[in-house]
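To start, the structure under review is shown below, and the notes come after it.
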Amino acid sequence: MLQDTIIAPATPPGEAAIGIVRLSGPAILSILSRIFVRGNARQAVSPEPGRFCHGWIRDPDTGRTLDEVLVVFFKAPKSYTSEDLLEIHGHGNAACIRGIVHVCLQQGARMALPGEFTKRAFLNGRIDLTQAEAVMEVIRARSDLALRSALRQLGGTLSRKLREIREKIMMLLAGIEADLDFPEEEIPDVISSHVREEVAALVRELEKVRRVGDCGRILREGVTAVIVGRPNVGKSSLLNALLGENRAIVTEVPGTTRDTIEEWVSLDGVPLRLVDTAGIGDARDRIEEMGILRTREALSGADLVIFMVDGSESLEKWDFHIAQEIADRRCVVVLNKADRPLKLDEKEIEALLGHGTPVRTCLLTGEGLGDLRKAVRGIFFGSGVQIEETWTANARHLDALARAASEARRALEAAERGLPSDLVALDLRGAAKAIAEITGESVSDSIIETIFSRFCIGK
Ligand SMILES: Nc1nc2c(ncn2[C@@H]2O[C@H](COP(=O)(O)OP(=O)(O)O)[C@@H](O)[C@H]2O)c(=O)[nH]1
Ligand SMILES: [Mg+2]
């Protein structure tokens with residue numbers, strides 16, 4: 001299956017200093033010998049591995065010169081694909097690139113599918129599936145933090161961690177199976193308590209990997225934060241303050257904001273999609289009614305709720321209604337209008353509304369905005385997760401990790417209830433299999449196809 005030689009442009013079309021075409025597969029040197037003329041005719045036509053070599057690409061059928069180029073040859077297995085690989089660096093002109101690709105196709109290469117170079121690197125065992133996925137994460141990263149997280153994953157940090165976990169499970173299984181082989185030498189208590197501890201540690205470790213990965217996902221996709229509260233507490237003022245411009249209309253008239261307003265802001269490197277809403281309160285007309293409906297819609301898609309109350313007034317029924325509606329959500333409570341005397345103390349507000357210590361702000365002066373940033377960041381990167389250790393989880397990873405963790409938890413339960421150890425082993429094997437899916441050691445062809453089909457051509 002891998003015996004053919006593939007080709008694709010590696011740089012985008014259009015005017016540029018250079019344009020690169022890549023080939024991978026067994027036939028590249030014979031193709032090159034027919035289309036490449038070295039600048040220095042005394043040198044051998046075959047380029048030395050890992051060195052730039054200057055020359056001309058000619059069409060052997062017409063004798064026409066297509067471009068002046070530098071070629072670099074990477075000898076298997078020391079290449080991106082682990083196969084013989086060739087880069088032809090021509091001029092950044094679509095016609096030059098087209099000419100080079102065309103002549104290579106004529107000499108027997110075939111156009112590469114999206115992601116086929118990286119797929120070969122994976123199938124040849126140079127990288128695992130999480131690293132292959134990281135290649136596209138690096139290319140598509142839209143923020144500095146997302147890029148750093150993708151680069152760590154590409155470097156194999158996650159792969160190593162998962163391999164480590166899988167080896168631990170294998171050791172546990174080996175221990176359990178050794179006991180199964182010699183049931184007469186039963187020392188069940190000692191072994192099961194030891195196994196139990198190890199399985200409990202495994203559950204914790206899997207949950208941590210998942211949390212860290214989810215933070216990476218947030219760095220990539222951004223956090224959708226929805227500001228809710230009664231009319232007139234200062235929601236639009238908060239949007240404007242975090243944005244640093246007067247995006248939303250702010251007046252002392254309740255019901256000023258009728259539609260939802262969205263803007264992206266960077267919160268210390270964390271991309272935040274901030275949504276200002278009409279809020280929730282008594283609607284006085286149909287427009288306000290629809291605004292409240294939209295607020296509820298926005299709330300349902302929020303990763304984070306910023307719940308704002310006016311600290312200079314007593315809490316009202318709507319404050320309690322909102323608190324109830326968002327009871328189980330990730331939330332920060334903001335106690336605004338700190339320039340006025342506080343009607344309720346922070347402890348009371350915390351007790352009445354839940355959701356931890358409120359942040360006090362005054363949006364007329366910007367007081368407390370720093371605390372709010374810190375609180376928001378803490379919600380995603382608190383609980384022992386450092387931005388420096390994140391990796392970029394996608395739905396596939398999170399799903400497999402959730403299965404691994406739930407199998408491990410089941411193993412723990414079985415061990416705690418003193419069930420036969422082959423049942424514990426069964427669940428542990430399930431956990432190991434889910435992890436092998438993430439790294440690609442055990443994964444279906446159709447999943448592999450789907451992953452690489454999302455790549456760009458030439459990668
Ligand atoms: N005194 C005081 N007034 C504020 C503060 N923040 C906002 N306001 C005022 O409260 C009113 C309502 O603000 P707005 O942002 O439109 O509230 P929203 O209806 O929740 O969007 C406006 O007159 C703001 O100037 C604050 O911290 N202190
Ligand atoms: Mg408003």
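For this structure, a couple of remarks:
- For region 234-274, the list of GluC sites (Glu not before Pro) that fall in a loop by DSSP and count at most 16 other C-beta atoms within 10 angstrom reads E245, E252.
- Of all lysines in the structure, those lying under 28 Å Cα to Cα from K343, and not within fewer than 8 positions of it along the same chain, are K235, K317, K374.
- Dimensionless Rg ratio for region 6-128, taking C-alpha atoms and the 2.2 N^0.38 Å reference: 1.00
- For the chain, the residue among I57, L428, G125 whose Cα projects farthest onto the positive side of the dipole built from Cβ charges is I57.
- Loop-located GluC sites (Glu not before Pro) in region 352-459, at most 16 other Cβ atoms within 10 Å (DSSP): E441
- For E367, the residues whose amide H sits under 5 Å from its own are C362, ignoring neighbours fewer than 5 places away on the same chain, with H placed 1.01 Å from N.
- A cut-off under 14 angstrom between Cβ atoms defines the neighbours of P49, and their net charge, with Lys, Arg +1 and Asp, Glu -1, is -1.
- Exposure proxy shown here: for S143, S442, the number of other Cβ atoms within 10 Å sets the order, fewest to most, as S442, S143.
- Once the chain from L293 to V37 is taken as fully extended at 0.36 nm per residue, the excess over their C-alpha distance is 85.2 nm.
- Loop-located trypsin sites (Lys or Arg not before Pro) in region 341-428, at most 10 other Cβ atoms within 10 Å (DSSP): R417
- Kirkwood-Stokes translational diffusion coefficient of the chain, alpha-carbon pairs, 25 °C, 0.890 mPa s, µm²/s: 92
- The local environment of A150, defined by Cβ-Cβ distances under 10 Å, has a net charge of +2 under the rule Lys, Arg +1 and Asp, Glu -1.
- Over 32 Å between alpha carbons, listed pairs K78/K208; K78/K161; K119/K161: K78/K208
- Electrostatic dipole magnitude of region 129-440 [Cβ: Lys, Arg +1; Asp, Glu -1; Cα centre; debye, to 20]: 1020
We did not get these values from a lab; they are worked out from the coordinates using the rules stated. What you see is a predicted model, and the numbers here were worked out from it, not measured in a lab. Here the Cβ is made from the backbone with ideal geometry for all residues, glycine too, and neighbour counts use every protein chain on show.
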